[in-house]
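Since the structure comes first, as structure tokens, the remarks are kept for the end.
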């Protein structure tokens, strides 16, 4: 692009030494407050407007490398972004990590019960306790502050539901992990993370 006058006062500019082939200053305002042309300026130094490319979408399977492109004829210096695919072994590790994170997110967010790891441990202890003492009654304080009582049958039902939920989460993670380990390309992994990862979880 050619410089249009008056120059936008909010624009930012670099000074480029044509002879040396390098930028000598960056992120400067236009030297004239009125945005007018720089009459009599040294032709060995040109003004380049800072431009930034749109960054590629975030991806676990790519490294984004930023760079710089100078176009003296267009009076621009552009910050560029290139998404480079990770080596397949590293991309698989990143995909497995994303799958594990998704499993954790689903596992601890049962729509009815508290399935945090702490709550899972508590219900497991309660289940063991009622096997020893079937008449035992448990008092629990709900999130809203109300008290609830649970007998053996209720404890076993809750423990069974939570156990099934957690097992289903790990089963889905294993299916996806098997697919990742069998993948032979970055495209395969992208398909798994885009199309398969969001689906198939217990709900």
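The values are calculated or read from the model by the stated rules, or taken from the named source; none is laboratory data. Just so it is clear, the model here is predicted, and its values are computed rather than measured. Please note: Cβ atoms are built from the backbone with ideal geometry, for glycine as well, and neighbour counts cover all protein chains shown.
This table checks each residue for (1) farther than 30 Å from residue 2 by Cβ; (2) touching a helix residue (DSSP H, G or I) at 6+ places or on another chain (Cβ under 7 Å); (3) in contact (Cβ under 8 Å) with a residue 60 or more places away in the chain.
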site: 65; (1), (2), (3): no, no, no
site: 69; (1), (2), (3): no, no, no
site: 75; (1), (2), (3): no, no, yes
site: 78; (1), (2), (3): no, no, no
site: 82; (1), (2), (3): no, no, no
site: 89; (1), (2), (3): yes, no, no
site: 93; (1), (2), (3): yes, no, no
site: 100; (1), (2), (3): yes, yes, yes
site: 104; (1), (2), (3): yes, no, no
| field | Matching residues in segment 87-108 - criterion: being loosely packed, with under 12 Cβ neighbours inside 10 Å and farther than 22 Å from residue 63 by Cβ | value | 105
| task | Hey, can you tell me all the residues within segment 1-26 that are farther than 18 Å from residue 72 by Cβ and exposed (fewer than 10 other Cβ atoms within 10 Å of the Cβ)? | result | 10
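Output yes when any residue across segment 188-197 is closer than 18 Å to residue 108 by Cβ and not in a helix (DSSP H, G or I), and no when none is.
Quick first cut of segment 188-197, residues closer than 18 Å to residue 108 by Cβ only: 197.
Narrowing the set further to residues that are not in a helix (DSSP H, G or I) leaves 197.
Yes, segment 188-197 contains a residue that is closer than 18 Å to residue 108 by Cβ and not in a helix (DSSP H, G or I).
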| query | Filter segment 32-51 for residues that are in contact with a strand residue (DSSP E or B) (Cβ under 8 Å, 6 or more places away or on another chain) and farther than 18 Å from residue 19 by Cβ; which is surrounded by the fewest Cβ atoms within 10 Å (Cβ to Cβ)? | reply | 50
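Which residue out of 119, 129 is at pLDDT below 95, part of a helix (DSSP H, G or I), on the phi < 0 side of the Ramachandran plot and surrounded by 11 or more Cβ atoms within 10 Å (Cβ to Cβ)? Explain how you work it out, then say what you get.
Details: 129 fails: at pLDDT below 95.
Criteria check complete, one pass: 119.
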